[in-house]
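Asks: This is the structure I have questions about; it appears just below.
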2 protein chains.
Amino acid sequence: MTYMTPFTTWIDLKDGTIPKAASVQTQQLSDMRGLFADRQAEVALLAQNPLIYRVYNATNNAKEEGQLLYSTTVIYPGEVGDEYFMTKGHYHAKGDRAELYYCLQGEGYLLLQTPEGEINAQAMAPGAASYVPPYWGHRTVNTGLSNFVFLAVFPADAGYDYKTIAERGFAALIVAKNGQAQVVPNPNYLARV
Amino acid sequence: MTYMTPFTTWIDLKDGTIPKAASVQTQQLSDMRGLFADRQAEVALLAQNPLIYRVYNATNNAKEEGQLLYSTTVIYPGEVGDEYFMTKGHYHAKGDRAELYYCLQGEGYLLLQTPEGEINAQAMAPGAASYVPPYWGHRTVNTGLSNFVFLAVFPADAGYDYKTIAERGFAALIVAKNGQAQVVPNPNYLARV
């Protein structure tokens, strides 16, 4: 039998990046059109087209049952209207695959929802290990003034469903009200009927 | 459908413990009889019966395919003869389940071996994310002067096989030679034939 060789991925503790990442995904506002609730604010900000977040994928492990994938994500601070910078958010293609987020820097929320639109929000700061149970869609939100950085670990065969969120949105938004993060209903959410 | 509720486990960044752990396993030398190579040194040290390591299990997630389990481990500094304090080590009962270790404090090694006795050693320090690929038995070793602390994440259905290591040992030891960690062959290792 041939075995995969063990390895170590080094995370830069200054900024949470992975200098030797297998791949890096960069998301600017233009890559996220339609995901923020305030479309006028989005259009106005597109002139600057700010960097919203970067994902540093540690490995290219085979997408097989039993293997894990892991990455760090850096969400930059900022707002589109009063909605904080966030990730696109997704469900897992294999819905029963869970995920663990471990916060390295900054502060933010793990925002989750069931396929039926039930919302849950987990506040995160360094030391928080937040669990995405099976079937919950999930997105992360930077509610602080500095970068929000976390390590994500998930089964390599989980896969991604970004389409459901892109089409229907999340049932809640996380917005700044008098400088405080608040979870509020999303008027644009398209519930399943 | 009923969904599991998302939650956050807080890791104490001072010492890597989980104050609200679902369970804690404490391993003293008397719990590890026969695992260190120098039996005379082990017997002599049993009078003090030092604490070797503690595991803080974050959750009691169901041991189902798709779920994850996670924990922090604190290995205290010390030696039995010239062999550093370490964990018992195990294979996964489901051999194809991988695991991720993320170092939080201190320095040490992830020591791995295949069922046929091939050895691999990954040096770890804060920022190291070390991958245990499918089928590799694994043990962690504190080669530093302070606590060696790491977060472990693994599929909830991986299960444990401690018996193989207890009966056959690892093919290599990590020992102190002139204050430096060295990986050396284990004269007591029982290879499969």
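The values are calculated or read from the model by the stated rules, or taken from the named source; none is laboratory data. Only a predicted model underlies this, so the values are computations on that prediction, with no experimental measurement involved. Reconstructed Cβ throughout: ideal geometry from the backbone, glycine too, with neighbour counts over all protein chains shown. Only protein heavy atoms, including side chains, enter the accessible area calculation; ligands, DNA and RNA are left aside. Shrake-Rupley method; radii C 1.70, N 1.55, O 1.52, S 1.80 Å.
Asks: Taking only DSSP H segments of four or more residues, each worth -39500 (n - 2.57), what value at 222 nm results for chain A once the sum is divided by all its residues, to the nearest 500 deg cm²/dmol?
Replies: The helix contribution divided over chain A gives -1500 deg cm²/dmol.
Asks: What percent do you get for the relative contact order of the range A:50-118 when only Cα pairs under 8 Å and 6+ apart count?
Replies: Details: 48 pairs, mean separation 16.6, N = 69.
Relative contact order here is 24 percent.
Asks: Excluding ligands, DNA and RNA, what is the accessible area buried between chains A and B, summed over both sides, using a 1.4 Å probe, to the nearest 100 Å²? Walk me through the numbers on the way to the answer.
Replies: On the way: alone 10220 and 10230 Å², together 16510 Å².
For A against B, buried area totals roughly 3900 Å².
Asks: So, in Å, what gap is there between the alpha-carbon centers of the range A:38-84 and the range B:121-139?
Replies: That distance is 28 Å.
Asks: Only Cα pairs under 8 Å and at least 6 apart count here; give the relative contact order of chain B as a rounded whole percent. Write down the numbers at each step before the final one.
Replies: Values: 460 pairs, mean separation 42.9, N = 193.
Rounded, it is 22 percent for chain B.
Asks: Taking the Cα centre of the range B:52-174 as the origin, how large is its charge dipole in debye, to the nearest 20, when only Lys and Arg (+1) and Asp and Glu (-1) carry charge on their Cβ atoms? Don't jump to the answer; show the numbers that get you there.
Replies: Details: 8 positive and 13 negative charges, 51 e Å.
In debye, rounded to 20, the range B:52-174 gives about 240.
Asks: Sticking with this one: DSSP loop GluC sites (Glu not before Pro) in the range A:37-114 with at most 15 other Cβ atoms within 10 Å of their Cβ, which ones?
Replies: Details: sites: A:Glu42, A:Glu64, A:Glu65, A:Glu79, A:Glu83, A:Glu99, A:Glu107; in loops: A:Glu64, A:Glu65, A:Glu107.
Answer by residue number: A:Glu64.
Asks: If the label point is 7 Å along Cα→Cβ of A:Asn188, which residues in the range A:38-79 have backbone nitrogen under 19 Å from it?
Replies: A:38-53, A:78-79
Asks: Along Cα→Cβ at 7 Å, what distances in nm separate the B:Val24 label point from those on the other copies, shortest first?
Replies: Distances to the matching label points in the other copies: 4.1 nm.
Asks: Under the convention of a label 7 Å out along Cα→Cβ, give the distances in nm from A:Thr2 to the same position in every other copy, shortest first.
Replies: In ascending order, 4.7 nm.
Asks: Do me a favour and compute the ellipsoid semi-axes for chain A from its Cα gyration tensor, root of five times each eigenvalue, largest one first, whole Å.
Replies: Equivalent ellipsoid semi-axes, largest first: 27, 20, 15 Å.
Asks: Note the full-extension length gain between B:Gln180 and B:Glu167 as 0.36 nm times their separation in residues minus their Cα-Cα distance, in nm to one decimal.
Replies: Working: separation 13, 0.36 × 13 = 4.68 nm, distance 2.82 nm.
Between B:Gln180 and B:Glu167, full extension yields 1.9 nm more.
Asks: Give me the residues in the range A:77-100 whose solvent-accessible area, probe 1.4 Å, is reduced by at least 50 Å² once all protein chains are included instead of the chain isolated.
Replies: Going by heavy-atom accessible area, the residues of the range A:77-100 that drop by at least 50 Å² are A:Leu100.
Asks: Given a cut-off of 31 Å, name the pairs among A:Lys20/B:Lys14; B:Lys20/B:Lys63; B:Lys14/B:Lys163; A:Lys14/B:Lys177; A:Lys63/B:Lys20; A:Lys94/B:Lys94 whose C-alpha atoms lie farther apart than that in the structure shown. Numbers along the way, then the final one.
Replies: Working: A:Lys20/B:Lys14 28 Å; B:Lys20/B:Lys63 20 Å; B:Lys14/B:Lys163 34 Å; A:Lys14/B:Lys177 33 Å; A:Lys63/B:Lys20 33 Å; A:Lys94/B:Lys94 20 Å.
From A:Lys20/B:Lys14; B:Lys20/B:Lys63; B:Lys14/B:Lys163; A:Lys14/B:Lys177; A:Lys63/B:Lys20; A:Lys94/B:Lys94, over 31 Å: B:Lys14/B:Lys163; A:Lys14/B:Lys177; A:Lys63/B:Lys20.
Asks: Separate question: Out of the total accessible area of the range B:31-142 (probe 1.4 Å, heavy atoms of protein only), what percent is carbon and sulfur? Spell out each step's value before the answer.
Replies: Values: 1700 of 3760 Å².
Roughly 45 percent, rounded to a whole number.
Asks: Points 7 angstrom from Cα along the Cβ direction at A:Leu51 and A:Lys94: gap in nanometres?
Replies: Once both label points are built, they end up 3.3 nm from each other.
Asks: Next up: Per residue, how much accessible area does chain A show when a 1.4 Å probe rolls over the protein heavy atoms, in square angstrom? Show your work: numbers first, answer last.
Replies: Details: 8260 Å² over 193 residues.
With all protein chains present, chain A gives 43 Å² per residue.
Asks: In addition: Using a label point 7 Å beyond Cα on the Cα-Cβ vector, give me the inter-copy distances for B:Asn60 in nanometres, one decimal, shortest first.
Replies: Inter-copy label distances (nm, one decimal, shortest first): 4.3.
Asks: May I pose another question? Residue of B with Cβ nearest the axis relating B to A, plus distance in whole Å?
Replies: Residue nearest the B-to-A axis, with distance in whole Å: B:Val153, 2.
Asks: Using only the alpha-carbon atoms of the range A:11-63, report the extent along each of the three principal axes, biggest first, to the nearest angstrom.
Replies: Rounded to whole Å, the extents work out to 40, 30, 15 Å.
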